1. All but one of (1) over 30 Å from GLY63 (Cβ atoms); (2) touching a Cys at 6+ places or on another chain (Cβ under 9 Å); (3) modelled with pLDDT under 95 hold for ARG295; which doesn't?
2. Conditions first: (1) outside the structural domain of ARG156 (by TED's automatic domain parsing); (2) within 30 Å of LEU70 (Cβ to Cβ); (3) open to solvent by 80 Å² or more (accessible area, probe 1.4 Å). ARG175 passes all but one, so which condition is the exception?
3. Which residue pairs have Cβ atoms closer than 6 Å, lie 6 or more positions apart in sequence or on different chains, and pair a first residue in the stretch 7-21 that is open to solvent by 10 Å² or more (accessible area, probe 1.4 Å) with a second residue that is assigned to a helix (DSSP H, G or I) and among the small types (Gly, Ala, Ser)?
4. Out of all the residues in the stretch 272-287, which are in contact with a helix residue (DSSP H, G or I) (Cβ under 8 Å, 6 or more places away or on another chain) and among the β-branched types (Val, Ile, Thr)?
5. How many of the residues in the stretch 178-217 are open to solvent by less than 70 Å² (accessible area, probe 1.4 Å), farther than 30 Å from LEU120 by Cα and of a type outside the set (Ser, Thr, Tyr)?
6. Mind listing just one residue for me: the one in the stretch 103-149 that is open to solvent by 10 Å² or more (accessible area, probe 1.4 Å) and in contact with a Gly (Cβ under 7 Å, 6 or more places away or on another chain) and, of those, nearest to ASP69 (Cα to Cα)?
7. Would it be correct to say that ARG156 is assigned by TED's automatic domain parsing to the domain that holds PHE7 and either free of Cβ contacts under 8 Å to residues at least 60 places away in the same chain or part of a helix (DSSP H, G or I) (or both)?
8. Among the candidates TYR255, TYR273, which residue alone is open to solvent by 70 Å² or more (accessible area, probe 1.4 Å) and not basic (Lys, Arg)?
Amino acid sequence: MMRTVRFHGRGGQGAKTASRILGTAAFIEGFVAQDSPVYGAERRGAPVAAFTRIDSGPIKQRGVIACPDLVVIADASLIQDPAARVLDGVNERTAVFVNSPLTAEQLQAQTPLLGRLTTLDLTTIALQQCGKGGAISALVGAVAGRLVGLRRDSVREAIARELADLGLAATQIERNQAVAIQCYDTVRTVPVAPGAPQPTASARLQVPTYESPTRGTARISAAANSILRETSGWRTFRPVLVPDKCNGCWLCFAYCPDGVISMAKDDRPVIDYAHCKGCQICVHECPTEALVAEREKEGTVAWKAK
Ligand code: SF4
Ligand code: SF4
(Lines give C-alpha, C1' and ligand atoms only; values in the text may rest on other atoms or scores of the structure.)
(Ligands and ions follow the chains in the order given, each with its own letter.)
Protein backbone atom coordinates (compact mmCIF):
# COMPACT_ATOMS: atom_id res chain seq x y z
CA MET A 1 0.00 0.00 0.00
CA MET A 2 1.30 3.46 -0.86
CA ARG A 3 2.96 5.55 1.85
CA THR A 4 2.74 9.31 1.46
CA VAL A 5 4.92 11.87 3.22
CA ARG A 6 4.69 15.66 3.06
CA PHE A 7 7.65 17.77 4.21
CA HIS A 8 7.38 21.40 5.28
CA GLY A 9 10.38 23.63 5.83
CA ARG A 10 11.84 26.99 4.96
CA GLY A 11 13.93 27.72 1.91
CA GLY A 12 17.50 26.71 2.80
CA GLN A 13 16.56 24.10 5.41
CA GLY A 14 16.66 21.22 2.98
CA ALA A 15 13.08 19.93 2.89
CA LYS A 16 13.60 19.00 -0.74
CA THR A 17 16.84 17.15 0.04
CA ALA A 18 15.13 15.35 2.92
CA SER A 19 12.35 14.18 0.61
CA ARG A 20 14.94 12.96 -1.88
CA ILE A 21 16.82 11.10 0.86
CA LEU A 22 13.59 9.38 1.86
CA GLY A 23 12.74 8.49 -1.74
CA THR A 24 16.26 7.20 -2.45
CA ALA A 25 16.27 5.10 0.72
CA ALA A 26 12.98 3.54 -0.37
CA PHE A 27 14.37 2.97 -3.86
CA ILE A 28 17.41 1.22 -2.37
CA GLU A 29 15.02 -1.16 -0.61
CA GLY A 30 13.34 -2.03 -3.89
CA PHE A 31 10.32 0.26 -3.69
CA VAL A 32 9.10 2.62 -6.37
CA ALA A 33 9.56 6.18 -5.12
CA GLN A 34 8.52 9.60 -6.32
CA ASP A 35 9.52 12.93 -4.83
CA SER A 36 8.91 16.52 -5.82
CA PRO A 37 9.14 19.96 -4.21
CA VAL A 38 6.98 23.09 -4.40
CA TYR A 39 8.54 26.52 -3.93
CA GLY A 40 6.83 29.83 -3.48
CA ALA A 41 7.87 33.05 -5.12
CA GLU A 42 10.30 33.94 -2.32
CA ARG A 43 13.82 32.75 -1.69
CA ARG A 44 15.64 31.58 1.43
CA GLY A 45 13.42 31.57 4.51
CA ALA A 46 10.10 31.25 2.70
CA PRO A 47 7.83 28.25 3.33
CA VAL A 48 8.49 25.33 0.98
CA ALA A 49 6.99 21.86 0.77
CA ALA A 50 8.13 18.56 -0.70
CA PHE A 51 6.29 15.32 -1.31
CA THR A 52 7.40 11.68 -1.32
CA ARG A 53 5.32 8.72 -2.41
CA ILE A 54 6.54 5.17 -1.79
CA ASP A 55 4.89 2.03 -3.15
CA SER A 56 5.75 -1.49 -4.19
CA GLY A 57 4.33 -0.94 -7.70
CA PRO A 58 3.98 1.86 -10.23
CA ILE A 59 2.80 5.19 -8.82
CA LYS A 60 0.24 6.87 -11.02
CA GLN A 61 -0.66 9.77 -8.72
CA ARG A 62 1.10 13.07 -9.31
CA GLY A 63 1.20 16.48 -7.70
CA VAL A 64 0.84 17.59 -4.13
CA ILE A 65 -0.20 15.20 -1.35
CA ALA A 66 -3.38 16.58 0.17
CA CYS A 67 -3.83 13.92 2.88
CA PRO A 68 -0.42 12.44 3.81
CA ASP A 69 0.23 9.48 6.09
CA LEU A 70 3.11 11.44 7.64
CA VAL A 71 3.74 15.19 7.87
CA VAL A 72 7.31 16.26 8.64
CA ILE A 73 7.62 19.85 9.88
CA ALA A 74 11.25 20.99 9.82
CA ASP A 75 10.48 24.39 11.36
CA ALA A 76 7.91 24.69 14.15
CA SER A 77 7.22 28.37 13.41
CA LEU A 78 5.44 27.21 10.23
CA ILE A 79 2.61 25.84 12.36
CA GLN A 80 1.53 29.41 13.10
CA ASP A 81 1.83 30.61 9.51
CA PRO A 82 -1.54 30.11 7.80
CA ALA A 83 0.05 30.57 4.38
CA ALA A 84 2.24 27.49 4.93
CA ARG A 85 -0.81 25.21 5.42
CA VAL A 86 1.25 22.55 7.21
CA LEU A 87 -1.80 20.99 8.87
CA ASP A 88 -3.92 20.66 5.72
CA GLY A 89 -5.31 17.14 5.48
CA VAL A 90 -4.08 16.15 8.95
CA ASN A 91 -6.49 14.08 11.03
CA GLU A 92 -6.32 11.69 13.99
CA ARG A 93 -4.66 8.95 11.93
CA THR A 94 -1.91 11.16 10.51
CA ALA A 95 1.58 10.87 11.97
CA VAL A 96 3.19 14.28 12.54
CA PHE A 97 6.87 14.98 13.27
CA VAL A 98 7.95 18.46 14.41
CA ASN A 99 11.55 19.65 14.75
CA SER A 100 11.16 21.20 18.21
CA PRO A 101 12.89 21.37 21.59
CA LEU A 102 9.50 20.65 23.18
CA THR A 103 8.17 17.17 23.82
CA ALA A 104 5.05 16.11 21.97
CA GLU A 105 3.03 16.69 25.15
CA GLN A 106 4.48 20.19 25.68
CA LEU A 107 3.85 21.10 22.06
CA GLN A 108 0.27 19.81 22.27
CA ALA A 109 -0.28 21.98 25.35
CA GLN A 110 1.06 25.04 23.51
CA THR A 111 -0.57 24.42 20.14
CA PRO A 112 -3.22 21.69 20.04
CA LEU A 113 -2.54 19.53 16.98
CA LEU A 114 -4.37 16.63 15.47
CA GLY A 115 -2.48 13.50 14.63
CA ARG A 116 0.02 11.20 16.27
CA LEU A 117 2.72 13.62 17.27
CA THR A 118 6.42 13.08 17.85
CA THR A 119 9.24 15.63 18.17
CA LEU A 120 13.02 15.88 18.26
CA ASP A 121 15.20 19.01 18.45
CA LEU A 122 17.12 18.50 15.22
CA THR A 123 18.36 22.10 15.12
CA THR A 124 20.17 21.82 18.46
CA ILE A 125 21.57 18.41 17.51
CA ALA A 126 22.89 19.85 14.23
CA LEU A 127 24.44 22.84 16.02
CA GLN A 128 26.08 20.69 18.68
CA GLN A 129 27.30 17.93 16.38
CA CYS A 130 28.05 19.79 13.16
CA GLY A 131 28.77 23.28 14.49
CA LYS A 132 27.80 26.62 13.03
CA GLY A 133 26.16 26.13 9.68
CA GLY A 134 25.16 22.55 10.42
CA ALA A 135 22.28 21.62 8.08
CA ILE A 136 19.32 19.51 9.12
CA SER A 137 18.28 18.04 5.76
CA ALA A 138 19.95 14.66 6.36
CA LEU A 139 18.55 14.57 9.89
CA VAL A 140 15.03 15.28 8.68
CA GLY A 141 15.36 12.63 5.97
CA ALA A 142 16.64 10.08 8.49
CA VAL A 143 13.77 10.73 10.91
CA ALA A 144 11.24 10.38 8.10
CA GLY A 145 12.91 7.13 7.03
CA ARG A 146 12.64 5.75 10.54
CA LEU A 147 9.00 6.75 10.90
CA VAL A 148 7.93 5.07 7.66
CA GLY A 149 9.88 1.94 8.57
CA LEU A 150 12.89 2.05 6.23
CA ARG A 151 16.12 0.37 7.28
CA ARG A 152 19.01 2.23 8.86
CA ASP A 153 21.50 1.09 6.20
CA SER A 154 19.25 2.28 3.37
CA VAL A 155 18.88 5.69 4.98
CA ARG A 156 22.64 5.95 5.53
CA GLU A 157 23.36 5.06 1.90
CA ALA A 158 20.67 7.47 0.64
CA ILE A 159 22.24 10.32 2.63
CA ALA A 160 25.62 9.58 1.04
CA ARG A 161 24.17 9.59 -2.47
CA GLU A 162 22.11 12.74 -2.08
CA LEU A 163 24.76 14.79 -0.28
CA ALA A 164 27.40 13.69 -2.81
CA ASP A 165 25.08 15.00 -5.55
CA LEU A 166 25.08 18.34 -3.72
CA GLY A 167 28.89 18.41 -3.81
CA LEU A 168 29.63 17.87 -0.12
CA ALA A 169 33.08 16.58 0.81
CA ALA A 170 33.43 12.99 2.03
CA THR A 171 34.18 14.11 5.59
CA GLN A 172 31.04 16.27 5.69
CA ILE A 173 28.96 13.42 4.32
CA GLU A 174 30.29 11.03 6.95
CA ARG A 175 29.55 13.53 9.70
CA ASN A 176 26.01 14.07 8.41
CA GLN A 177 25.47 10.33 8.19
CA ALA A 178 26.61 9.78 11.77
CA VAL A 179 24.42 12.54 13.21
CA ALA A 180 21.45 11.56 11.07
CA ILE A 181 21.64 7.95 12.18
CA GLN A 182 21.79 9.18 15.77
CA CYS A 183 18.48 10.97 15.11
CA TYR A 184 17.12 7.85 13.36
CA ASP A 185 17.83 5.86 16.53
CA THR A 186 16.59 8.56 18.93
CA VAL A 187 13.27 9.72 17.53
CA ARG A 188 10.24 8.32 19.31
CA THR A 189 8.28 6.43 16.71
CA VAL A 190 4.55 6.78 16.17
CA PRO A 191 2.45 4.52 13.95
CA VAL A 192 2.37 5.60 10.31
CA ALA A 193 -0.73 4.05 8.74
CA PRO A 194 -0.29 3.83 4.96
CA GLY A 195 -3.05 4.42 2.48
CA ALA A 196 -4.66 7.67 3.61
CA PRO A 197 -7.60 8.25 1.23
CA GLN A 198 -6.86 11.07 -1.17
CA PRO A 199 -9.58 13.53 -2.17
CA THR A 200 -10.68 13.22 -5.76
CA ALA A 201 -10.60 16.26 -7.97
CA SER A 202 -14.00 17.91 -8.19
CA ALA A 203 -13.08 20.66 -10.64
CA ARG A 204 -13.40 20.12 -14.36
CA LEU A 205 -10.31 20.55 -16.50
CA GLN A 206 -9.99 24.06 -17.84
CA VAL A 207 -8.40 24.87 -21.18
CA PRO A 208 -6.28 28.01 -20.80
CA THR A 209 -6.77 30.75 -23.35
CA TYR A 210 -3.74 32.36 -24.92
CA GLU A 211 -3.51 36.09 -24.41
CA SER A 212 -1.04 38.39 -26.06
CA PRO A 213 1.83 39.67 -23.85
CA THR A 214 0.25 43.08 -23.55
CA ARG A 215 -2.84 41.53 -21.95
CA GLY A 216 -1.32 38.39 -20.32
CA THR A 217 1.60 39.91 -18.40
CA ALA A 218 1.26 39.95 -14.62
CA ARG A 219 0.39 43.35 -13.22
CA ILE A 220 0.85 44.78 -9.73
CA SER A 221 -2.33 46.64 -8.98
CA ALA A 222 -1.57 47.48 -5.33
CA ALA A 223 2.07 48.60 -5.28
CA ALA A 224 4.41 49.30 -2.35
CA ASN A 225 2.58 47.07 0.08
CA SER A 226 5.40 44.69 1.08
CA ILE A 227 5.74 46.65 4.32
CA LEU A 228 2.43 45.08 5.36
CA ARG A 229 3.83 41.54 5.08
CA GLU A 230 5.97 41.02 8.19
CA THR A 231 8.41 38.22 7.41
CA SER A 232 9.97 38.02 10.86
CA GLY A 233 7.97 34.84 11.45
CA TRP A 234 10.14 33.07 8.89
CA ARG A 235 13.24 33.46 11.02
CA THR A 236 14.82 30.64 13.03
CA PHE A 237 18.11 32.54 13.50
CA ARG A 238 18.47 36.34 13.76
CA PRO A 239 21.53 38.38 12.79
CA VAL A 240 22.88 40.29 15.79
CA LEU A 241 25.53 43.01 15.62
CA VAL A 242 28.69 42.92 17.71
CA PRO A 243 29.44 46.67 17.44
CA ASP A 244 33.12 46.46 18.44
CA LYS A 245 33.88 44.22 15.45
CA CYS A 246 32.08 46.34 12.84
CA ASN A 247 34.33 48.40 10.55
CA GLY A 248 31.45 50.22 8.87
CA CYS A 249 32.05 48.75 5.41
CA TRP A 250 28.33 48.68 4.44
CA LEU A 251 28.63 45.20 2.86
CA CYS A 252 25.72 43.85 4.90
CA PHE A 253 23.60 46.73 3.63
CA ALA A 254 24.55 45.89 0.05
CA TYR A 255 23.99 42.14 0.34
CA CYS A 256 20.68 42.03 2.22
CA PRO A 257 18.23 40.77 -0.44
CA ASP A 258 15.25 42.34 1.29
CA GLY A 259 16.66 45.79 1.94
CA VAL A 260 15.96 45.57 5.67
CA ILE A 261 19.37 46.88 6.76
CA SER A 262 19.83 50.62 6.99
CA MET A 263 23.04 52.34 8.01
CA ALA A 264 23.20 54.72 10.96
CA LYS A 265 25.23 57.93 10.95
CA ASP A 266 28.14 56.09 12.59
CA ASP A 267 28.16 53.56 9.68
CA ARG A 268 26.73 50.78 11.82
CA PRO A 269 23.89 48.62 10.46
CA VAL A 270 20.39 48.83 11.88
CA ILE A 271 18.24 45.78 11.15
CA ASP A 272 14.48 45.97 10.70
CA TYR A 273 13.59 42.81 12.61
CA ALA A 274 9.93 43.01 11.60
CA HIS A 275 10.97 42.22 8.03
CA CYS A 276 14.31 40.41 8.42
CA LYS A 277 13.55 36.84 7.31
CA GLY A 278 16.73 35.34 8.79
CA CYS A 279 18.43 34.24 5.58
CA GLN A 280 21.87 34.84 7.17
CA ILE A 281 23.38 36.27 4.00
CA CYS A 282 24.58 39.32 5.95
CA VAL A 283 26.18 37.03 8.54
CA HIS A 284 28.04 35.11 5.86
CA GLU A 285 29.17 38.20 3.97
CA CYS A 286 30.36 40.32 6.90
CA PRO A 287 34.18 40.37 6.58
CA THR A 288 34.84 40.94 10.29
CA GLU A 289 32.27 38.55 11.78
CA ALA A 290 30.54 41.52 13.36
CA LEU A 291 27.17 39.89 12.63
CA VAL A 292 26.44 36.63 14.40
CA ALA A 293 23.48 34.27 14.07
CA GLU A 294 21.50 33.82 17.26
CA ARG A 295 18.78 31.21 17.48
CA GLU A 296 15.33 32.57 18.17
CA LYS A 297 14.42 31.63 21.70
CA GLU A 298 10.69 32.20 22.28
CA GLY A 299 9.74 28.53 22.35
CA THR A 300 9.29 26.68 19.14
CA VAL A 301 6.72 29.01 17.72
CA ALA A 302 8.63 32.22 17.60
CA TRP A 303 7.06 35.40 16.33
CA LYS A 304 9.96 37.66 16.49
CA ALA A 305 9.59 41.17 15.29
CA LYS A 306 11.32 42.71 18.29
S1 SF4 B 1 29.32 43.91 6.83
FE2 SF4 B 1 29.97 43.66 8.96
S3 SF4 B 1 31.64 45.08 9.20
FE4 SF4 B 1 30.57 45.71 7.35
S5 SF4 B 1 29.05 47.25 8.09
FE6 SF4 B 1 28.03 45.27 8.11
S7 SF4 B 1 28.31 44.51 10.21
FE8 SF4 B 1 29.80 46.16 9.89
S1 SF4 C 1 19.16 41.37 7.62
FE2 SF4 C 1 20.49 39.63 7.11
S3 SF4 C 1 19.32 37.84 7.76
FE4 SF4 C 1 17.88 39.56 7.65
S5 SF4 C 1 17.01 39.43 5.59
FE6 SF4 C 1 18.77 40.84 5.47
S7 SF4 C 1 20.52 39.53 4.87
FE8 SF4 C 1 18.86 38.18 5.56
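1. ARG295 satisfies all of (1) over 30 Å from GLY63 (Cβ atoms); (2) touching a Cys at 6+ places or on another chain (Cβ under 9 Å); (3) modelled with pLDDT under 95 except (2).
2. With respect to (1) outside the structural domain of ARG156 (by TED's automatic domain parsing); (2) within 30 Å of LEU70 (Cβ to Cβ); (3) open to solvent by 80 Å² or more (accessible area, probe 1.4 Å), ARG175 is out only on (1).
3. So the pair list comes out as GLY14/SER137; THR17/SER137.
4. Taking the stretch 272-287 as the starting set, the residues that turn out to be in contact with a helix residue (DSSP H, G or I) (Cβ under 8 Å, 6 or more places away or on another chain) are 273-278, 281-282, 285-287.
Result: ILE281, single match.
5. Count: 1.
6. SER137
7. Details: assigned by TED's automatic domain parsing to the domain that holds PHE7: yes; either free of Cβ contacts under 8 Å to residues at least 60 places away in the same chain or part of a helix (DSSP H, G or I) (or both): yes.
Judged against the criteria, ARG156 is a match.
8. Numbers: TYR273 fails: open to solvent by 70 Å² or more (accessible area, probe 1.4 Å).
Being open to solvent by 70 Å² or more (accessible area, probe 1.4 Å) and not basic (Lys, Arg) holds for just one of TYR255, TYR273, which is TYR255.
The values are calculated or read from the model by the stated rules, or taken from the named source; none is laboratory data. All figures in this text were calculated on a predicted structure; none of them were measured in a lab. Virtual Cβ from ideal backbone geometry, glycine too; neighbours counted across all protein chains shown. Each accessible area value is taken on the protein alone, full model and side chains, heavy atoms only, with ligands, DNA and RNA left out. Shrake-Rupley method; radii C 1.70, N 1.55, O 1.52, S 1.80 Å.
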